[in-house]
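Structure first, then comments.
The values are calculated or read from the model by the stated rules, or taken from the named source; none is laboratory data. The shown structure was predicted, so the numbers you read here are calculated from the model rather than taken from an experiment. Counting neighbours? That spans all protein chains shown, and the Cβs are built from the backbone with ideal geometry, glycine included. Accessible surface areas use protein heavy atoms only, side chains included; no ligands, DNA or RNA. Shrake-Rupley method; radii C 1.70, N 1.55, O 1.52, S 1.80 Å.
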Amino acid sequence: GVKLLLHGLCSNTAVKSLDLKGNNLRTVGAEALGKLLRQNKSIRSLILEWNSLGVWEEGFSFFCQGLGANKFLQRLDLRNNQINHQGAAELAMALKQNTSLQELDLRWNNIGLLGGRALLNCLQSNRTLKRLELAGNNVPSDILKAVEQAMDHNQDRQTILRETQNQTYILSKEVLSLKDEKTKQFLDLMDTIDKQKEEIARSGRMSAARVSQLQEALDEQHSIMNSLKAKLQMTEAALALSEQKVHNLGELLNATKQEQTSTAERHFVELQQQKQEGADREGKLLRDLSAASDKNLLLRNQVDELEKKCKTQQDQLFQVKQDLTNTTAELKLRAVQAEERLEMEKRRFKQSLEDMESLRLKEVDHMAQHMEASERSMQDRIQRLEAIRIALEEELSQVKAAALTERGQAEEELIKVRNQARLEEQQRLEHLEEKLRLMTESRDEAQKCCLKQKQMVTEAQAKANQLSLHADGLRRRIEELQQDLNSKEEEKVTEVNKVKVELQEQIGHLQAERTAQEGLREKIAALERQLKALSSNHREALLDKEGEISLLLEKLRMKEADISRMREEEAQRASFLQNAIMAYVQGSPLGTRSSRK
């Protein structure tokens with residue numbers, strides 16, 4: 001029945017404890033138990049009390065072989081199994097091979113002195129057995145004490161091993177936690193760096209948009225200047241037409257003079273006074289015409305100066321564009337350099353993360369607080385940049401509105417000037433016709449025309465002054481815009497420098513963390529050295545104790561030899577005494593009487 005039961009339990013993985021106390025197991029049962037111990041991997045406790053396994057030597061030796069091959073059993077109870085010194089030797093051989101058994105109960109057997117010695121010798125190679133009960137086996141007390149000492153040594157070893165395993169497990173957990181935290185910190189840093197890159201790209205896009213808007217505003221101003229140039233050319237053409245009309249009027253006047261001379265020969269005396277007056281008036285008109293021509297020359301000079309100013313403004317605008325292109329190229333180069341530096345820093349961070357193994361919790365909290373502060377500062381900077389962008393958009397809208405209003409006013413002024421020129425030409429034609437009819441009226445009309453031309457010249461001068469003032473205002477506006485651009489570029493440079501400083505600070509913190517990790521590594525190395533020193537000391541102590549045990553065993557052997565000699569001597573003496581007593585009894589009269597009877 002036990003054979004079938006144990007054969008079924010060979011492949012079982014659920015049973016942890018097996019109690020077969022008092023079942024009268026014999027050789028078949030012992031062999032089945034040996035097979036079970038070789039094949040089963042789940043049983044941790046086996047109780048075989050009151051089974052007389054030691055009587056069957058072959059079965060018990062097979063059982064011991066299975067015990068030596070087993071690596072999972074932790075507790076074995078063999079009380080009251082009639083195990084002799086040979087069975088104890090088999091158990092000792094099994095214990096030398098076994099590495100899992102922690103408790104072995106051999107009380108109330110017949111192990112004796114030889115069995116105790118065999119078990120004591122096996123304990124030198126077995127390091128896992130913590131408890132060995134040998135009461136009621138006729139084992140000497142010194143062997144029992146040596147066994148207890150060996151058990152204490154094994155317990156100390158196992159406690160030390162457990163402590164070292166616990167420490168290594170705790171340290172590995174701490175290292176893994178620190179690695180996770182460092183990876184999280186590195187990912188957070190990479191996220192912040194990506195965000196900063198995105199913000200830099202956004203600011204670059206915004207600056208490019210602003211530059212394009214400013215270029216559009218400059219193009220609009222350039223178109224306004226071109227329209228003003230066209231207006232000046234129109235006024236010059238009108239002035240040329242007026243000069244031609246004056247020349248034609250002079251020719252007509254000469255023709256009329258010739259006709260008057262031909263007709264006034266008869267009335268020479270009467271008309272001399274009139275001729276003198278007409279000559280004086282003609283001199284005045286010629287003077288007025290010369291003054292008008294001088295004024296026209298002055299206006300041309302002013303127009304040339306305005307053209308030169310416009311050219312200088314165009315050159316300045318071209319330089320501004322070149323500066324803007326240069327600044328954009330520099331910003332792109334800086335962005336590329338910053339990206340390269342960030343990539344290098346990423347690589348350095350990766351290398352440092354591979355080397356890093358531990359970090360303190362306080363430094364992690366400090367880094368988290370620092371990252372929160374940096375995020376808050378970056379959000380504040382983003383808000384400031386958005387406010388600046390909104391202000392610049394408002395300023396650009398105002399400039400566009402002002403340019404549109406100025407363009408409308410200039411177009412209205414052009415329409416007015418054209419209408420006035422047309423009306424003046426019609427009036428001049430009517431006056432010329434009237435002058436052809438009547439000389440006196442023509443002279444008066446010529447004087448009136450001269451006066452009107454003077455007024456027109458004064459108006460043109462006033463318009464030219466207004467245009468120059470407007471051009472000065474545009475220059476000032478361009479200078480203000482350039483100053484704004486310079487200030488924005490400086491702000492960008494300062495922000496980039498701040499980001500660099502923050503990155504340097506983060507690098508310094510990481511270096512400090514690296515130093516802290518190196519310190520922790522040194523501590524771990526020192527602990528490992530201490531553990532090695534303790535293990536070496538423990539080994540030396542064990543070796544010393546094993547040497548002492550061997551010396552004690554030799555002493556015990558010597559004492560046992562002495563005791564055996566004493567026993568032999570006592571036996572010889574006892575035999576001599578018995579022989580002497582027997583001889584005495586036989587030689588005495590009582591002996592003879594008894595022999596006779």
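A few remarks follow.
- Criterion (open to solvent by 70 Å² or more (accessible area, probe 1.4 Å) and among the acidic types (Asp, Glu)) met by exactly one of 103, 58: 58
- The single condition among (1) surrounded by fewer than 10 Cβ atoms within 10 Å (Cβ to Cβ); (2) at pLDDT 85 or above that residue 597 does not meet is (2).
- Residue 552 touching a residue at least 60 places away in the same chain (Cβ under 8 Å) and touching an Asp or Glu at 6+ places or on another chain (Cβ under 9 Å): yes
- All positions within the range 525-535 that are modelled with pLDDT of 80 or more and under 20 Å from residue 149 (Cα atoms): 534
- All positions within the range 504-535 that are under 21 Å from residue 341 (Cβ atoms) and open to solvent by 80 Å² or more (accessible area, probe 1.4 Å): 504, 505, 511, 514
- Residue match in the range 203-210 (condition: open to solvent by less than 50 Å² (accessible area, probe 1.4 Å), touching a residue at least 60 places away in the same chain (Cβ under 8 Å), part of a helix (DSSP H, G or I) and of a type in the set (A, V, I, L, M)): no
- Answer from 2, 15 - the residue that is modelled with pLDDT of 90 or more, among the β-branched types (Val, Ile, Thr), more than 17 Å from residue 101 (Cβ to Cβ) and open to solvent by 20 Å² or more (accessible area, probe 1.4 Å): 15
- Taking every residue in the range 44-67 that is at positive phi and pairing it with any residue that is open to solvent by 10 Å² or more (accessible area, probe 1.4 Å), at least 6 positions away or on another chain, the pairs with Cβ-Cβ distances below 7 Å are 50/21; 50/22; 50/80; 52/82.
- Qualifying residue in the range 146-160 (condition: buried (at least 16 other Cβ atoms within 10 Å of the Cβ), under 21 Å from the mean Cα position of the chain (by Cα), assigned to a helix (DSSP H, G or I) and not aliphatic (A, V, I, L, M)): no
- Tally, over the range 18-43, of residues that are open to solvent by 40 Å² or more (accessible area, probe 1.4 Å) and either of a type outside the set (Val, Ile, Thr) or touching a residue at least 40 places away in the same chain (Cβ under 8 Å) (or both): 11
- Among residues of the range 106-140, those that are within 24 Å of residue 541 (Cβ to Cβ) and in a loop (DSSP other than H, G, I, E, B), counted: 8
- If you check 557, 539 for being over 27 Å from residue 395 (Cβ atoms), modelled with pLDDT of 85 or more and open to solvent by 40 Å² or more (accessible area, probe 1.4 Å), only one passes: 557.
- Check on residue 501, modelled with pLDDT under 80 and either under 30 Å from residue 187 (Cβ atoms) or open to solvent by 50 Å² or more (accessible area, probe 1.4 Å) (or both): no
- Within the range 445-458, none of the residues are crowded, with 18+ Cβ neighbours inside 10 Å, closer than 20 Å to residue 284 by Cα, modelled with pLDDT of 75 or more and touching a Lys or Arg at 6+ places or on another chain (Cβ under 7 Å).
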